[in-house]
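J.: Here it is, the structure in full.
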Amino acid sequence: MVSNDIAENTRQGLISSCQKQKIPWAVMGNKYEIGACIGKAYRVAVTINDQGMAESLIKSLEAVGAKVNTGVVEWQK
């Protein structure tokens, strides 16, 4: 997950790395919301390294309106 208020160059670098490695990604929430979700201070990006948890998260995102295309998750507002 990448926050929607991350610096553009940083966002493009992270997303480019994910695309090259065929890693699903999502842009959603701001850096404070993402940090709060994991019990930390603000975070501009969070990785999910457990495949089962990642798949569960993708299903949850789809359930609330996220669009999943070719292994890439993008948050729909």
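The values are calculated or read from the model by the stated rules, or taken from the named source; none is laboratory data. In this text, all values refer to a predicted model and were calculated from it rather than measured experimentally. Reconstructed Cβ throughout: ideal geometry from the backbone, glycine too, with neighbour counts over all protein chains shown. Surface areas here come from the heavy atoms of the whole protein model, side chains and all, with no ligands, DNA or RNA. Shrake-Rupley method; radii C 1.70, N 1.55, O 1.52, S 1.80 Å.
J.: Would you please list the contacts, defined by Cβ atoms under 6 Å and residues six or more apart or on different chains, that run from a residue in region 51-77 that is at positive phi to a residue that is modelled with pLDDT of 80 or more?
T.: From residues that are at positive phi, the pairs are GLY71/LYS22; GLY71/PRO24.
J.: May I pose another question? Restricting to region 6-16, name every residue that is in contact with a Phe, Trp or Tyr (Cβ under 9 Å, 6 or more places away or on another chain) and open to solvent by 40 Å² or more (accessible area, probe 1.4 Å).
T.: LEU14
J.: Filter region 12-49 down to the residues that are among the charged types (D, E, K, R) and outside any helix (DSSP H, G or I), then identify the one that is nearest to ALA66 (Cα to Cα).
T.: LYS22
J.: Please indicate, with yes or no, whether at least one residue in region 26-39 is β-branched (Val, Ile, Thr), surrounded by fewer than 12 Cβ atoms within 10 Å (Cβ to Cβ), closer than 13 Å to MET1 by Cα and at pLDDT 85 or above.
T.: Looking for residues that are β-branched (Val, Ile, Thr), surrounded by fewer than 12 Cβ atoms within 10 Å (Cβ to Cβ), closer than 13 Å to MET1 by Cα and at pLDDT 85 or above, one finds at least one in region 26-39, hence yes.
J.: May I pose another question? Which of the residues spanning region 43-60 are open to solvent by 50 Å² or more (accessible area, probe 1.4 Å) and within 8 Å of SER3 (Cβ to Cβ)? Break it down stepwise before answering.
T.: So in region 43-60, the residues open to solvent by 50 Å² or more (accessible area, probe 1.4 Å) come out as 43-44, 47-51, 53, 55-57, 59-60.
Of everything in region 43-60, those that are open to solvent by 50 Å² or more (accessible area, probe 1.4 Å) and within 8 Å of SER3 (Cβ to Cβ) turn out to be ARG43, VAL44.
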